[in-house]
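Written out below as structure tokens is the structure these notes cover.
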Amino acid sequence: MTAELDRLDRVKKLTHVKSTNWSGDYRYTYNAVDQITQMEEMIHPAGPEEPGAIHSFTYDNLQRLTSEAHTNQSPQSFTYDQVGNRTNAPNNIAPTYAANNRLMSYNGLTFTYDLNGNRETQTSAVGTNVYSYDNENRLINVLLPDSTMIQY
């Protein structure tokens, strides 16, 4: 993958080459506060360039993402509560938050936290992941529902 930068050192174009017969470009447009407002995908098969998807993004005055639109897909809108937590997500899946702004549930997942704010558990229909931390609040392992232990 290669990157082309604009005069402000922002990524203007990424080129991804999969093979001698295919490559793709991703071209970016920014607003005055350096937020991506558009990403255009261009596909280069062995023949002439083909247009790909165009992704457009809009933001509010607090620089939060308020909508995204993709070629051939329904646009998505995002709303926020008074403290800045996103209150909706794609497919109208609404996350819930505790009074301290911790994410408590999202898309069928529920979460618990320890007194230091570290995630203790993540529960889904499959089971519960249990997270463990050292005395400096660094993640050291995750116990998966099938009893597999992932060490960090």
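The values are calculated or read from the model by the stated rules, or taken from the named source; none is laboratory data. Everything numeric here is computed off the predicted structure, so don't read it as measured data. Please note: Cβ atoms are built from the backbone with ideal geometry, for glycine as well, and neighbour counts cover all protein chains shown.
Taken over region 135-152, the criterion of being assigned to a loop (DSSP other than H, G, I, E, B) and either under 22 Å from ASN85 (Cβ atoms) or modelled with pLDDT of 95 or more (or both) is satisfied by ASN135, GLU136, ASN137, ARG138, LEU144, PRO145, ASP146, SER147, THR148.
Name the one entry in SER56, SER132, SER105 that is over 30 Å from TYR26 (Cα atoms), assigned to a strand (DSSP E or B) and under 18 Å from the mean Cα position of the chain (by Cα). Selected residue: SER105, the only one of SER56, SER132, SER105 that is over 30 Å from TYR26 (Cα atoms), assigned to a strand (DSSP E or B) and under 18 Å from the mean Cα position of the chain (by Cα).
Every residue, every condition in (1) in the same structural domain as ASP34 (by TED's automatic domain parsing); (2) at pLDDT 90 or above; (3) among the aliphatic types (A, V, I, L, M), yes or no:
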{"residue": "PRO51", "(1), (2), (3)": "yes, no, no"}
{"residue": "SER56", "(1), (2), (3)": "yes, yes, no"}
{"residue": "ASP60", "(1), (2), (3)": "yes, yes, no"}
{"residue": "GLN63", "(1), (2), (3)": "yes, yes, no"}
{"residue": "GLU68", "(1), (2), (3)": "yes, yes, no"}
{"residue": "SER74", "(1), (2), (3)": "yes, no, no"}
{"residue": "ASN88", "(1), (2), (3)": "no, no, no"}
{"residue": "ILE93", "(1), (2), (3)": "no, no, yes"}
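When region 1-40 is filtered for residues that are within 24 Å of THR66 (Cβ to Cβ) and without any contact (Cβ under 8 Å) to a residue 12 or more places away in the chain, the ones remaining, listed by number, are THR29, ALA32.
What's the total number of residues in region 108-120 that are over 21 Å from GLN82 (Cβ atoms) and either part of a strand (DSSP E or B) or among the small types (Gly, Ala, Ser) (or both)?
Initially, region 108-120 is screened for residues over 21 Å from GLN82 (Cβ atoms), giving 108-116, 118-120.
Retained after the next criterion (residues that are either part of a strand (DSSP E or B) or among the small types (Gly, Ala, Ser) (or both)): 108-113, 119-120.
Total meeting the criteria: 8.
Out of region 1-31, which residues are more than 22 Å from TYR59 (Cα to Cα) and of a type in the set (Phe, Trp, Tyr)? Selection gives TRP22 alone. Among THR121, THR112, THR128, which is touching a Pro at 6+ places or on another chain (Cβ under 9 Å), more than 30 Å from SER74 (Cα to Cα), surrounded by 14 or more Cβ atoms within 10 Å (Cβ to Cβ) and not assigned by TED's automatic domain parsing to the domain that holds SER74? So the residue among THR121, THR112, THR128 that is touching a Pro at 6+ places or on another chain (Cβ under 9 Å), more than 30 Å from SER74 (Cα to Cα), surrounded by 14 or more Cβ atoms within 10 Å (Cβ to Cβ) and not assigned by TED's automatic domain parsing to the domain that holds SER74 is THR128. Pick out the one residue from PRO75, PRO95 that is closer than 30 Å to SER124 by Cβ, exposed (fewer than 12 other Cβ atoms within 10 Å of the Cβ) and not aromatic (Phe, Trp, Tyr). None of the others qualify; the one that does is PRO75.
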